Amino acid sequence: MNTTSSSSSYRPAMKVADALSIVLNNIDLIPFHRSPLMKLEIEPPNSADASSGKKKKQQQQQHSEDGSSSRLQMIPFSDRNKVIKSQIVRIMLDTHTLWERSAQNDVLSNAASLQLITQLQTKQLPPNALPLHPNTITTAEQVDDPYEMNRFVKQFLIDGYLVIDPAALKTCGPMFHREMLELGLSVRNHLTTKIPQILHVFSDSTVKKVLTRLLGSDYETLPTTHMHLSERGRLDQHWHKDDFQDGYIRPVEPPTTLNHVMAMYYPQDTILEMGPTAIRRGTHFEGYSNDYVPDRYLFDQNQTKYREVSLTCRAGTIVMLHFEIVHRRMKNTLTNRFMMKFQFRRRQQPPTPGSRGLSNKMKAIASTIQPYDEVNPIDDNYDHQFIDPLARKIWNWMHGLLLSVIE
């Protein structure tokens, strides 16, 4: 069976009898037949009898848009003989939709896509499915090394993003990420209010140390948080920048300070076929005054100025983004993909030379801060002439008082 699936073909949805036949005979799915992970989402019999025409389409559209499933029931796949086929709305493998009656494209028609779903579920993805990004913190020890952190912070200023691998988290493991995915399925916004447990991931010492280096020790979490759902079949989103939630007005000049950071938390393995978030490196230095960013602004003649990065990642990954970076959702040809978005803000401006005395602790920290040009970047492949003067200005603003101690 072919293991690659970069472009699923869209075709009319197959009949439920054909879909069941494929599930029952597919060698990858047979181990799940009696597992509680394999489920059927069904309608009550009276709803199934009227499952045609305009009324059915309106009901399905409502279910898709508002997440309401009060009419629907979930039963084990092993109970399939207890219902009539016209009642079946979806065939599910855990949180993955294998088939749905209202779909315009049918993932079961693509054998490679089906195999990817089972690999996701069994944690047996091919090694190249989740490549490690260059600017990735992979261990907690890297965060405790001030000189390593200098490199990560510099790369963040250059690229506009930084990745924290789940292996670097000290207090959040696979079970926590799994729980966050399950709790977040029915929530769309105000996550910290509706799912207060989610703050546990941002209480992890690794995450706190990264945010402290970027925003200072007195940073705050803004209350507006979102669960982003990318459903199977969704197309590429337009490139854009996010709105600020605290009333901050976006400048049209390149930023010279760092006051806002956005964090994207992925509670599930996210591969390319699931439509991950994509960013354009370096676009946080372009002062676009509106949210929508036309493609013509992102490409030079050779399409190399702002390289696109697809943020594929393992379950539990946290991606720190400069709030001004241009990003989008990529097309999803496989299964529903979730991401939780948070905003953090600096409360106090960095101290400047002469503003106050330095404690012994601050002097010790100052001894580890290097001038911008003495820090070796992690990924040297960028437009030095354009980026370095801008990134250096922010670096000096962030560390002005500390650098004054060693100059």
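The values are calculated or read from the model by the stated rules, or taken from the named source; none is laboratory data. As the structure is a prediction and not an experimental result, all values here were calculated from the model. Here the Cβ is made from the backbone with ideal geometry for all residues, glycine too, and neighbour counts use every protein chain on show.
When Val187, Val207, Val163 are checked against the criterion of being in a helix (DSSP H, G or I) and either of a type in the set (Val, Ile, Thr) or in the same structural domain as Glu100 (by TED's automatic domain parsing) (or both), Val207 stands alone in meeting it.
Tell me which residues, restricted to the stretch 202-228, are hydrophobic (A, V, I, L, M, F, W, C) and either without any contact (Cβ under 8 Å) to a residue 24 or more places away in the chain or crowded, with 17+ Cβ neighbours inside 10 Å (or both). The answer is Phe202, Val207, Val210, Leu211, Leu214, Leu215, Met227.
With respect to (1) surrounded by fewer than 20 Cβ atoms within 10 Å (Cβ to Cβ); (2) more than 21 Å from Arg346 (Cβ to Cβ), the lone exception for Leu199 is condition (2). Among the residues of the stretch 31-54, those that are part of a helix (DSSP H, G or I), surrounded by fewer than 15 Cβ atoms within 10 Å (Cβ to Cβ) and either at pLDDT 50 or above or β-branched (Val, Ile, Thr) (or both) comprise Pro31, Pro45, Asn46, Asp49. If you go through the stretch 127-141 and pick out every residue that is part of a helix (DSSP H, G or I) and modelled with pLDDT under 95, you end up with 3. Within the stretch 84-96, if we keep just the residues that are closer than 15 Å to Ala19 by Cα and β-branched (Val, Ile, Thr), the residue that is nearest to the chain's Cα centre (by Cα) turns out to be Ile91. If you check Ser359, Ser404, Ser367, Ser355 for being hydroxyl-bearing (Ser, Thr, Tyr), modelled with pLDDT under 90 and outside the structural domain of His190 (by TED's automatic domain parsing), only one passes: Ser404.
Within the stretch 185-192, not a single residue is closer than 30 Å to Ser367 by Cα and small (Gly, Ala, Ser).
Every residue, every condition in (1) in a helix (DSSP H, G or I); (2) in contact (Cβ under 8 Å) with a residue 40 or more places away in the chain, yes or no:
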| site | (1), (2) |
| --- | --- |
| Val143 | yes, yes |
| Tyr147 | yes, yes |
| Leu157 | yes, yes |
| Ala167 | yes, no |
| Cys172 | no, yes |
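Determine whether the stretch 111-121 contains at least one residue that is under 28 Å from Asp383 (Cα atoms), within 20 Å of the chain's Cα centre (by Cα) and at pLDDT below 95. No - not one qualifying residue is present in the stretch 111-121. Check whether at least one residue in the stretch 257-266 is modelled with pLDDT of 90 or more, within 18 Å of the chain's Cα centre (by Cα) and farther than 23 Å from Met180 by Cβ, and report yes or no. There is at least one residue in the stretch 257-266 that is modelled with pLDDT of 90 or more, within 18 Å of the chain's Cα centre (by Cα) and farther than 23 Å from Met180 by Cβ.
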